[in-house]
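Structure, as structure tokens:
Derivation of every value follows stated rules applied to the coordinates shown; laboratory data play no part. Predicted, not measured: the structure shown is a model, and the values here were computed from it. Cβ: placed from backbone, ideal geometry, glycine included. Neighbour counts: every protein chain shown.
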Amino acid sequence: MPASFEFLRGVLGVIGIGCAFMAGRSMIAVRRGWIKLSRFYGWLLRTAVCLFAVGIRHVVDIEDIVIWAVAVAAFGAGAWNMSRSKAEEDLTHTIFPDQS
């Protein structure tokens, strides 16, 4: 039995939300010079394709609007998460104490 189009529409929406989160993270990484700009554009393209495909079959309804709003929130959450990342602690001396 094949999957219904509504289920696949929801799965595509979840993938689009995940891509939006990663696009937000990569935006901050590009600003800091950690990754190339093309990687950010790749996440934006994936997000746009997924979110466009969610609304292509039907007239825009509440499900589309909710998915798009959550994707915008995920983009913001990804940017906020990456902008507040902590520097890794150097635990070398804690794990391996000096033998002097």
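For the chain, count the residues as N, evaluate 2.2 N^0.38 Å, and divide the Cα radius of gyration by that value, please.
Relative to the rule-of-thumb radius for its length, the chain sits at 1.52.
Name the residue from Ala48, Leu91, Cys19 whose Cα lies farthest towards the positive end of the charge dipole of the chain, charges +1 on Cβ of Lys and Arg and -1 on Cβ of Asp and Glu.
Towards the positive end, the residue furthest out is Ala48.
Please give me, ordered by residue number, the chymotrypsin sites (Phe, Trp or Tyr not before Pro) of the range 16-96 that lie in loop per DSSP and have at most 16 other Cβ atoms within 10 Å.
When the chymotrypsin sites (Phe, Trp or Tyr not before Pro) of the range 16-96 are filtered for loop state and at most 16 Cβ neighbours within 10 Å, Trp34 remain.
Got a sec? Charge dipole of the chain, +1 on Cβ for Lys and Arg, -1 for Asp and Glu; which of Val70, Ile28, Asn81 is way out at the positive end?
The Cα lying farthest towards the positive end belongs to Ile28.
Just flag the GluC sites (Glu not before Pro) in the range 55-100 sitting in loop per DSSP whose Cβ has no more than 16 other Cβ atoms within 10 Å.
Filter output for the range 55-100: Glu88, Glu89.
Sorted from fewest to most neighbouring beta carbons within 10 Å, what does the list His58, His93 look like?
His93, His58
Among Ser26, Ser83, Ser38, which one shows the highest mean-square fluctuation when the chain is modelled as a Gaussian network with alpha-carbon springs under 10 Å?
Maximum among the listed residues: Ser38.
Could you tell me which trypsin sites (Lys or Arg not before Pro) in the range 34-94 are loop residues by DSSP with no more than 13 other beta carbons within 10 angstrom of their beta carbon?
Passing both the DSSP loop test and the Cβ count: Lys36, Arg57, Arg84, Lys86.
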